[in-house]
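One structure is given below, encoded as structure tokens.
The values are calculated or read from the model by the stated rules, or taken from the named source; none is laboratory data. Only a predicted model underlies this, so the values are computations on that prediction, with no experimental measurement involved. Neighbour counts run over all protein chains shown; Cβ positions are idealised from the backbone, glycine included. Heads up: the accessible areas ignore ligands, DNA and RNA and are worked out on the full protein's heavy atoms, side chains in. Shrake-Rupley method; radii C 1.70, N 1.55, O 1.52, S 1.80 Å.
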Amino acid sequence: MAEVKELTIPLRAAWKVPRTHRAKRAMAEVRSHVAQHMKKTEDEEIWIDESINHVIWRRGIQNPPRKIKVVCTREEGFPLEVKLLEE
């Protein structure tokens, strides 16, 4: 049985670094937030969908979004999947 969670990830920490590193820090925040809230174990990996990368980098490196909504899925034998919430 797959475990599915919808998360709203705040990316405010990305605005506390120099403006030329904001999008990269936003991607790191997505990874750390998912690991914390999905209770990632050491042997699990996190797979982030390409659409999340496109949303964060759409406005350039200096102006990522303030928050992002994602869906996290955990299945036995597969990495944690993080996909953009499609409304």
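Estimated from helical segments only, the mean residue ellipticity of the chain at 222 nm is -8500 deg cm²/dmol, where each DSSP H run of four or more residues counts as -39500 (n - 2.57). Per-atom-type breakdown for the chain gives carbon and sulfur 49% of the accessible area (1.4 Å probe, protein chains only). In the distance distribution for the chain, Cα-Cα pairs more than 23 Å apart total 21 percent. Under 19 Å of direct C-alpha separation, and excluding same-chain neighbours fewer than eight residues apart, LYS24 reaches these lysines: LYS16, LYS67, LYS69, LYS83. Across the range 30-40, rounded Karplus estimates of 3J(HN,Hα) from the backbone phi angles (6.51 cos²θ - 1.76 cosθ + 1.60, θ = phi - 60°) give 4, 4, 6, 5, 5, 4, 6, 7, 9, 6, 5 Hz, Gly and Pro being marked x.
Take 73-81, 21-29 and order them by the average number of nearby Cβ atoms within 10 Å per residue, most first; the result is 21-29, 73-81.
For the chain, the solvent-accessible area of protein heavy atoms averages 70 Å² per residue (probe radius 1.4 Å; ligands and nucleic acids excluded).
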